[in-house]
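See structure below.
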Amino acid sequence: MTAIPRIAEGSAATGGSVRRRRRRSRGRPVWEEPPTTAGLMAKGGTLCLVLVIILLPIYAIVLTSFSTQGAVNNAGNGLVLWPHGLTLNNYKLIIGGGVVARALVISLAITAVGTAISLAITILAAYGLSRADSFGHKTILWTMLITMFFSGGIIPLFLVVSALGGYDAYWSLILPSAVSVFNIIVMRSFFASAAAEVIESARIDGAGDWTILRRIVLPMSKAVTAVIALFYAVGYWNSWFNIMLFMPADSQKWPLQMVLYTYVTEGSSMAGSGTSNVGQYLGRQQIATVSLQMAVVVLTLVPIVIAYPFAQRHFTKGVLLGAIKG
Amino acid sequence: MSTEVARRPQAADAGRDGGRGRQGARPARARWRARLRRDRSLILMTLPALVLLLIFGYAPMLGLVMAFQDYNVYSGFLHSPWVGVANFQQLFTDPGFWRALTNTVVLFSIQLALFFPVPIALAILFDSMLSRRLRGLIQSVASLPHFFSWVLVITIFEQMLGGAGVLPAFLRQHGITNPVDVMTDPGTFKFLVSAQLIWKETGWSTIVFMAALAAISPTLYEAAAVDGAGRWRRLRHITLPGLKAITILLLILQLGYALTFGFEQMLIQLGAVGNSAGQVLTTFSYEYGIVQGNFSYGAAAGLFLGFTSVILIVAANKVAHLFGQDGLYRR
């Protein structure tokens, strides 16, 4: 109502270009003043800056990983910023064998197995706790919640895992961190709210809990499952400290992040020289170049960048569920 | 459909009756047995999670008794000699511990001051964009580093800012002969840590603020505009108050984790920057306990850390409740 005179005002001020301008900026409410040129430039500049800060390093790393030794030398033994002398050799060397190729397979396997285990445990626990009147659910829930507030810390955990034979065993990278109570709570609150009606009516119709979970709850919670699965997968793929803690000794058994870490620590202790011992991890001496190192970096990036667009549209839902119900 | 609707209240009643037993028609024991039988598959479902938490969550908590022992691997928890609070006495007189505590507090404060406002500002900027597609695109790009590991983020920083990195090379080309290596310089480390966090988490953190911004009623803005408030006054009197609740909540929750923040980030860079600048309480506990094998001393530092963190979290939630927020848990 009050907006009508504002349109008239606006059109008087901006003259003949009103039609075009209004079509272009469909979303702007009529009462809002058109942006100033300086404001638009500041805004655009900031957004471009954000994009550059995030994307420039990624671009330079990917480009360097495809560059020849000559191009790297030209860039002062650092990252290559302009395409010049491209090659696939770095990747051929890595895929050809050695510790990096093995680490890649190990990382993928741990991520796949770990995510499957975590997701199964989380869904079961979340459903098991989702009924408001079920026997013992408060006790069980509190038992779980306490671990979110207080933990024994690194050293007792290390001793417990070692006592169970977990030192240098792959299960030590999965089982101790397999359960995220936070994710259980997020999922439980979804089952207890969004799915509650359907679950209740299925129960009245005589369906057992296992049937309800498999036939009704799982098909209708694909979005939340996808988000939780992604969180777990990213967690396993990115985890580094538990390797450092439980299997630091045998480089033949390392996942990718640990190989990358070894490179980082060497890179910083040899700052300025730009060379490193990645060749040793490839099982061949004398081929350690910045471009090979960057190829290792790209390998740790690729799965995340591939998975990202698929899960991305569910993020807001996942984050907000966590923020509100956590 | 109609039968379902008709039957649901009965079932709900039965459930409530089973739960509270206010009629008391059956003896109490039979009632909880019946509930146990009815819900046994639900309890069974929680078992895998419960077992893992008992082994990897509760067993280490019990293991903390070693903080009061002179633990050695051959004697175990049961036969290691008890030393009372000797480990803590040693801890509180250890200059290394106080340095780690100071570093923790300083690094956390700088990080909070530098990092916290950035996602809010960026969220307001995103929110002012009219093109949804462009906004979505930029937001996705900005959130991407959230999914990178700390090892990866620090590698990227090393390659861009470190000794042989892009920025120093650029500076050298332009006449600055000996630029500071920010990756290893103890003085710049405080800010480097914050810069890394900003690069990694800003985009992701905007999501929560964007949701809060979307919840502000457009009629407020319209009414203010009609009353003659310009865009800066609308920002100050509508947008910022609209973000107040979520900001206080997140700030308080952050404070709860003041002592345990950034463990991996610090540990990865500890070697490069040195103990005096980079040692925090979490890495201190790890260094003494695991690296040097002084399990009891490391566990004592860990117990101090865990205990203080619980106090901080509870206190933070108390403050959140004072502000009328739910916090991590409700009152």
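Amide H contacts of residue B:69: B:83, each under 5 Å away and 5 or more positions distant or on a separate chain (H built 1.01 Å from N in the peptide plane; Pro and chain starts excluded).
Cα centroid separation, region B:170-220 to region A:157-222: 36 Å.
Among B:79, A:314, the ranking by other beta carbons within 10 Å of each residue's beta carbon, starting with the fewest, stands as B:79, A:314.
All C-alpha pair distances within region B:86-322, sorted into 10 Å bins from zero, spread as 7, 24, 28, 22, 13, 5, 1 percent across the bins. With one equal scatterer per alpha carbon and no solvent term, the Debye-computed log10 I(q)/I(0) for region A:99-144 at 0.14, 0.15, 0.17, 0.18 1/Å reads -0.51, -0.54, -0.60, -0.63. Peptide A:45-51 has a mean shielding of 4, counted as Cβ atoms of other protein chains within 10 Å of each residue's Cβ.
Per q in 0.11 Å⁻¹, report the Debye log10 I(q)/I(0) for region B:87-208, using one uniform scatterer on each alpha carbon and no solvent. Evaluating at q = 0.11 Å⁻¹ gives log10 I(q)/I(0) of -0.55. Annotation for region B:32-130: chymotrypsin sites (Phe, Trp or Tyr not before Pro) lying in DSSP loop with at most 16 further Cβ atoms inside 10 Å of their Cβ are B:74.
Distances between every pair of Cα atoms in region B:44-120, grouped in 5 Å steps from 0 to the bin holding the largest one, split as 3, 12, 11, 11, 12, 13, 13, 13, 8, 3, 1 percent.
Values quoted throughout were computed directly from the atomic coordinates according to the rules given, and no laboratory measurement underlies them. Keep in mind that what you see is a predicted model, and the values were worked out from it rather than measured. Using ideal geometry, Cβ is built from the backbone for each residue, glycine included, and neighbour counts are taken over all protein chains shown.
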